[in-house]
Amino acid sequence: MKRVRIKLASIALGLLLALDVKTYSQIDTESLETTYIQIRVKKLRDDFFEVKYNFSTDEYYIGLNTLFYLLEIFTLDIDSAKREVSGNLDGKKIDVRFPVDKSFEMNGELYVAPELLKEYLNFSQVSYNPNILSLELQPNFTLAYEQREKGKLERMRLD
């Protein structure tokens, strides 16, 4: 009987520690402020792109719903509550669940740390310049405006 109690106590302690680690690894959204930066993706520019910024840790988080809208990526589904993105991106299957300590949901928008774009979403370069508040992204896929330009050139060639 004593062994059962000790075993139950150790299981309960393990669960409490696991819950404690999960609580501390989540992002403190109360300390985040809304700020605007310039975002550059090839020829696309948005001078008032909203991000969530933590001034004490100098970290910022990008809203994926807004970013996908800017880039006209409509083939990916975002489940903000589960922090998941799935679908097809330029012929590549994407099925990602972002880590709790690098992503969060706020008001239906999924925010992620910028390095996750490079790690999970097929971007080759993600560089932030704090002096001019500018984020430059280099995707490894064809953007919608590039496909339209290519189509225009092809139509002009055929005419």
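Each principal axis of the Cα cloud of the range 22-159 was evaluated for its coordinate range; sorted largest first, these ranges are 61, 34, 24 Å. From the square roots a ≥ b ≥ c of the eigenvalues of the alpha-carbon gyration tensor of the range 92-159, which class results: rounded (a/c under 1.5), prolate (a/b over b/c), or oblate? Prolate, since a/c reaches 1.5 and a/b exceeds b/c. When the accessible area of the range 104-159 is split by element with a 1.4 Å probe, what percent falls to carbon and sulfur? C and S atoms contribute 47 percent here.
The values are calculated or read from the model by the stated rules, or taken from the named source; none is laboratory data. What you see is a predicted model, and the numbers here were worked out from it, not measured in a lab. Ligands, DNA and RNA are excluded from the accessible area calculation, which covers all protein heavy atoms including side chains. Shrake-Rupley method; radii C 1.70, N 1.55, O 1.52, S 1.80 Å.
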